[in-house]
Amino acid sequence: MIKPFDQMADRTGHLVPEGAYAFLAKAGQLEAAGREVIHLEIGQPDFQTFPNIGMAGIRAISTGQTRYTPPAGIPPLRKAIADYTAQRIDFPISPDQVVVGPGAKPLLFFPMMALLEPGDEVIYPDPGFPSYRAIIKTMGAEPVPIPLKEENDFSFDMDIFLEKINPRTRLIIINSPSNPTGGIIPGKDLAVIADSAKKNDAWVLSDEIYTRLVYSDEPVKSIMTFPGMSERTIIMDGFSKTYAMTGWRLGFGVMPKKLADTVDLLLTHSVGCTATFTQLAGIEALKGPQEPVEEVRKVYLKRRDFIVNGLNRIPGVTCLTPQGAFYVFPNVKHFNRSSDYIANYLLNEAGVCVLPGTSFGDMGEGYLRLCYSNSLEAIENALQKIASALAKL
Ligand code: PLP
């Protein structure tokens, strides 16, 4: 049958906007009508890009560094990323395993495009970053969600994981620390995931974008460092969260060279390359002073403790203390309303914009996601407003 000319390809039919943008738009309407809204929805640092990084970008533009670069990134940045990641995860990495892209998202999209055939099964966390499912389905692959349960500190339910993994599993996506829960996958579970990946000949895509925002004393391990895993692991990482560079669009992947070469070709024929001055700013981010990253982490830690304590004081709300990222994922099941209802109610009634847990998958029902990248004053104000609105529910 001939399709109407304006009917989109089937592979796009499942796509929906990210929940954060939908709520941001609703909040924008209220603000346009004169209401004040406290924003705890969008997951980005409230800090400015550190000045030395910004200056490096400005210097690059003013000295004419504005031409095409090699699609996988300029060699000094690929080298800086290889050194940085090797030091962070304590494992050897060479620059030809590194691919640079405009944001971290392309390093989810293109490796999946390179690896997945229609019908391949892909394991991913639910609740999880919405782009995982969107990309899996765009590739015609089969999404296999694994619940992150509160009773496991929002780590994979390993019984269900072991039930679901099988030789048709082509890829396992993990994200530790996690968006939206802030949960961390314990080392013992990583070992089981690694063994199962090897047994079933599956790849692992490890989203490590929040690994510099960890509050526990124990360093977070990368699954790439487990025996036999470097040949089947893709680390996705980036500058957006660590260096407050969300709008610069700079991310990277670390993967076996053969896959890196294919991702390089996909970049060549899609984005072409990442902005030159952004890449030069990235070198400054990695090689310049790291103290600002640590200072910002300490500020987030204070906010985390403040928001977790505040939420747990609200009758009907319970909130775990997440060990990473800048999100909390409180349980609001007591109110017997859907997460979506409660998030809309808090926006309209209290003027506080948060996200329903279901923006991150079905298993997010009964939870809200709050991003605490806002000032302590704003968080305190939001907590008071949430408490009085919920008291009336
Ligand atoms: N992965 C996770 C878990 C995220 O939370 C985000 C951004 O919110 C990304 C990847 C994408 O990062 P970027 O903005 O660098 O594309």
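Tell me, yes or no, whether region 198-217 has at least one residue that is in a helix (DSSP H, G or I) and within 21 Å of the chain's Cα centre (by Cα).
No, the conditions are met nowhere in region 198-217.
Just for region 31-50: of the residues that are closer than 15 Å to S373 by Cβ and of a type in the set (D, E, K, R), which one is farthest from the chain's Cα centre (by Cα)?
Only one residue fits best here, namely D46.
Condition first: assigned to a strand (DSSP E or B) and either open to solvent by less than 30 Å² (accessible area, probe 1.4 Å) or of a type in the set (A, V, I, L, M) (or both). Now tell me which residues in region 154-171 satisfy that.
If the condition is that a residue be assigned to a strand (DSSP E or B) and either open to solvent by less than 30 Å² (accessible area, probe 1.4 Å) or of a type in the set (A, V, I, L, M) (or both), then S155, F156, T169, L171 are the ones that fit.
Name the pairs whose Cβ atoms lie under 6 Å apart, with the first residue in region 246-273 and at pLDDT 95 or above, the second outside any helix (DSSP H, G or I) and away from the ligand (no atom under 16 Å from the Cβ), and 6 or more positions between them or separate chains?
Qualifying pairs under 6 Å: V254/I93; D264/P71; D264/A72; L267/P71; T268/P71; C273/Y68; C273/T69; C273/P71.
Per-residue answers, yes or no, for (1) surrounded by 12 or more Cβ atoms within 10 Å (Cβ to Cβ); (2) not aromatic (F, W, Y):
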| position | (1), (2) |
| --- | --- |
| T12 | no, yes |
| G19 | yes, yes |
| L30 | yes, yes |
| F47 | yes, no |
| I53 | yes, yes |
| S62 | no, yes |
| Q65 | yes, yes |
| T69 | yes, yes |
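Name the residues in region 196-244 that are among the hydroxyl-bearing types (S, T, Y) and more than 13 Å from the ligand (Cβ to nearest atom), would you?
Initially, region 196-244 is screened for residues among the hydroxyl-bearing types (S, T, Y), giving 196, 206, 210-211, 215-216, 222, 225, 230, 233, 240, 242-243.
Answer for region 196-244, where residues must be among the hydroxyl-bearing types (S, T, Y) and more than 13 Å from the ligand (Cβ to nearest atom): S196, Y215, S216, S222, T225, S230, T233.
Table: residues versus (1) in the same structural domain as Y21 (by TED's automatic domain parsing); (2) surrounded by 21 or more Cβ atoms within 10 Å (Cβ to Cβ); (3) hydroxyl-bearing (S, T, Y); (4) closer than 22 Å to M363 by Cβ.
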position	(1), (2), (3), (4)
A134	no, no, no, yes
G140	no, no, no, no
K149	no, no, no, yes
N152	no, no, no, yes
I173	no, yes, no, yes
G187	no, no, no, no
N200	no, no, no, no
V204	no, yes, no, yes
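Being farther than 28 Å from T85 by Cα and either open to solvent by 50 Å² or more (accessible area, probe 1.4 Å) or outside any loop (DSSP other than H, G, I, E, B) (or both) is the filter here, so list the residues in region 283-319 that pass it. Write out each step before concluding.
As a first pass, look at region 283-319 and keep what is farther than 28 Å from T85 by Cα: 305-319.
Of everything in region 283-319, those that are farther than 28 Å from T85 by Cα and either open to solvent by 50 Å² or more (accessible area, probe 1.4 Å) or outside any loop (DSSP other than H, G, I, E, B) (or both) turn out to be D305, F306, I307, V308, N309, G310, L311, N312, R313, P315, T318.
Name every residue in region 71-88 that is surrounded by fewer than 18 Cβ atoms within 10 Å (Cβ to Cβ) and among the charged types (D, E, K, R), in order of residue number.
Within region 71-88, K79, D83, R88 meet the criteria.
Within the bounds of region 329-339, is there any residue that is farther than 22 Å from Y215 by Cβ, open to solvent by less than 20 Å² (accessible area, probe 1.4 Å) and either in a loop (DSSP other than H, G, I, E, B) or assigned by TED's automatic domain parsing to the domain that holds K26 (or both)?
Yes, region 329-339 contains at least one residue that is farther than 22 Å from Y215 by Cβ, open to solvent by less than 20 Å² (accessible area, probe 1.4 Å) and either in a loop (DSSP other than H, G, I, E, B) or assigned by TED's automatic domain parsing to the domain that holds K26 (or both).
What pairs come up if the first residue lies in region 11-28 and is more than 21 Å from G140 (Cβ to Cβ) and not assigned by TED's automatic domain parsing to the domain that holds E349, the second is part of a helix (DSSP H, G or I) and at pLDDT below 95, and their beta carbons are under 6 Å apart, counting only those six or more places apart or on different chains?
none
Could we say that S375 is over 20 Å from E31 (Cα atoms) and touching a residue at least 24 places away in the same chain (Cβ under 8 Å) here? Walk me through how you get there before you give the answer.
Numbers: over 20 Å from E31 (Cα atoms): no; touching a residue at least 24 places away in the same chain (Cβ under 8 Å): yes.
Criteria not met by S375.
Any idea which residue in region 89-111 is nearest to F226 (Cα to Cα), counting only those that are away from the ligand (no atom under 16 Å from the Cβ) and open to solvent by less than 40 Å² (accessible area, probe 1.4 Å)?
Step one: filter region 89-111 for residues away from the ligand (no atom under 16 Å from the Cβ), giving 89-97.
Subset that is open to solvent by less than 40 Å² (accessible area, probe 1.4 Å): 89, 93, 97.
Values: I89: 11, I93: 14, Q97: 17 Å.
Within region 89-111, the match that is nearest to F226 (Cα to Cα) is I89.
Go through region 245-280 and count every residue that is within 16 Å of the ligand (Cβ to nearest atom) and either open to solvent by less than 10 Å² (accessible area, probe 1.4 Å) or in contact with a Lys or Arg (Cβ under 8 Å, 6 or more places away or on another chain) (or both).
Residues flagged as within 16 Å of the ligand (Cβ to nearest atom) and either open to solvent by less than 10 Å² (accessible area, probe 1.4 Å) or in contact with a Lys or Arg (Cβ under 8 Å, 6 or more places away or on another chain) (or both) within region 245-280 amount to 13.
The values are calculated or read from the model by the stated rules, or taken from the named source; none is laboratory data. Here the structure is a predicted model, which is why all the values come from computation and not from measurement. When we count neighbours, we look across all protein chains shown, and the Cβ atoms used for this are built from the backbone with ideal geometry, even at glycine. Heavy atoms of the whole protein, side chains included, go into the accessibility calculation; ligands, DNA and RNA do not. Shrake-Rupley method; radii C 1.70, N 1.55, O 1.52, S 1.80 Å.
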